[in-house]
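One structure is given below, encoded as structure tokens.
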Amino acid sequence: MINDFSLEQIVNRPTRGERILDLILTNKPTSFNDPKILPPLGKSDHDIAFVECNISLKRVRKQTRTIFKYRQSNWDKIRIDIKEMTDNMLENYKTKDIDQTWNYFKNTLLKSINENTPTKTITSKMKLPWITNQLRLQINRNKRLHHKCKTNRSLTAKYKSNKKALQSDMRKAYWTYIENMIFDLPVNEPDSPIIKKTPKKLYSYIKSAKNDNTGIPSLRDSGILTDSTQSKANILNRQFEKAFTTETSDIPIPNKGPSPHQTMPNINITDKSITKLLQNINPNKVSYDKFEILKIFEFA
């Protein structure tokens with residue numbers, strides 16, 4: 001029964017003589033600290049198993065995110081904005097520093113994206129990967145029928161029939177997903193005609209089976225609890241900065257004299273080298289603004 005329900009025994013030391021008589025079973029072993037075996041009470045020959053459990057007070061729900069639907073963008077207008085921006089930069093930004101040029105370039109592109117690209121709000125939900133839209137409709141239909149049964153007992157037989165069919169369809173969808181997941185696993189045999197290196201369904205299945213909370217929990221800033229990804233990053237950055245000394249501008253930089261090394265030659269930047277760098281950038285490892293700019297170059 002323990003294996004059937006994926007339970008794990010927490011007490012791992014004897015509690016009476018050389019035997020373990022106490023059972024503390026759980027499917028979340030990481031929520032328990034190491035058990036302590038305490039002396040017995042009075043004349044008892046049975047030791048005390050003391051275990052502390054960390055109980056999460058509430059489930060942290062991820063906030064909604066807004067994404068751009070680039071396939072429905074007005075690319076003609078975006079190309080016109082990029083052309084006007086390029087002409088303006090060549091005319092007015094040749095003598096400006098790199099920060100001013102970059103800010104103008106970034107802000108102009110992001111403004112064009114916001115004005116010419118429709119958006120969609122999405123949220124991350126804890127859902128089972130084998131539950132399809134059709135099954136979700138069946139689940140909702142079965143819930144509505146269950147509510148009707150409370151006031152109309154004549155629908156009980158229909159509700160039980162629908163519930164049985166739903167359970168059968170869900171069980172069939174589960175095993176179909178498991179079967180497809182196994183066939184998508186990497187194959188190391190040289191005679192295999194297809195070798196897949198990205199078993200995405202396996203990772204989705206593992207993620208759906210996890211019981212522990214992952215990621216950075218909610219952080220408190222000035223007494224306010226925040227769940228925003230950007231806010232949590234800013235809080236951690238400020239905490240990291242406290243470990244370093246802030247140098248004021250009134251302290252002069254020490255003069256170490258002439259450098260013993262040779263002067264570095266000029267760096268030649270060409271269109272070909274910039275294009276190569278842009279093509280090798282992984283959009284999934286850059287910040288929000290750079291990600292949107294890379295998407296513009298990909299579609300435009």
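Values as computed for the structure displayed
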item	result
Test: residue in segment 67-85 that is out of contact with any Cys (no Cβ under 6 Å at 6 or more places or on another chain), modelled with pLDDT under 80 and surrounded by fewer than 11 Cβ atoms within 10 Å (Cβ to Cβ)	no
Total residues in segment 112-125, condition under 22 Å from the mean Cα position of the chain (by Cα) and either assigned to a loop (DSSP other than H, G, I, E, B) or at pLDDT below 85 (or both)	4
Leading residue by the ranking (farthest from residue 67 (Cα to Cα)) among those in segment 263-279 that are modelled with pLDDT of 80 or more and among the polar types (S, T, N, Q)	263
Selection status of residue 231, among the hydroxyl-bearing types (Ser, Thr, Tyr) and either modelled with pLDDT of 80 or more or part of a loop (DSSP other than H, G, I, E, B) (or both)	yes
In segment 9-31, the residues that are of a type outside the set (S, T, N, Q), surrounded by 13 or more Cβ atoms within 10 Å (Cβ to Cβ) and in a strand (DSSP E or B)	16, 25
Number of positions in segment 67-106 that are in a loop (DSSP other than H, G, I, E, B) and free of Cβ contacts under 8 Å to residues at least 12 places away in the same chain	5
Sole residue being over 23 Å from residue 207 (Cα atoms) and out of contact with any strand residue (DSSP E or B) (no Cβ under 7 Å at 6 or more places or on another chain), chosen from 128, 166, 135	166
Residue among 109, 128, 145 that is part of a helix (DSSP H, G or I), surrounded by 11 or more Cβ atoms within 10 Å (Cβ to Cβ) and in contact (Cβ under 8 Å) with a residue 60 or more places away in the chain	109
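Residue-by-condition table, conditions (1) more than 26 Å from the chain's Cα centre (by Cα); (2) closer than 30 Å to residue 2 by Cα:
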{"residue": "34", "(1), (2)": "yes, yes"}
{"residue": "50", "(1), (2)": "yes, yes"}
{"residue": "53", "(1), (2)": "yes, yes"}
{"residue": "65", "(1), (2)": "no, no"}
{"residue": "73", "(1), (2)": "yes, no"}
{"residue": "85", "(1), (2)": "yes, no"}
{"residue": "144", "(1), (2)": "yes, no"}
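The values are calculated or read from the model by the stated rules, or taken from the named source; none is laboratory data. Since the model is a prediction, treat every value here as computed from it, not as a measurement. For neighbour counting, all protein chains shown are included, and Cβ atoms are generated from backbone atoms with ideal geometry for every residue, glycine included.
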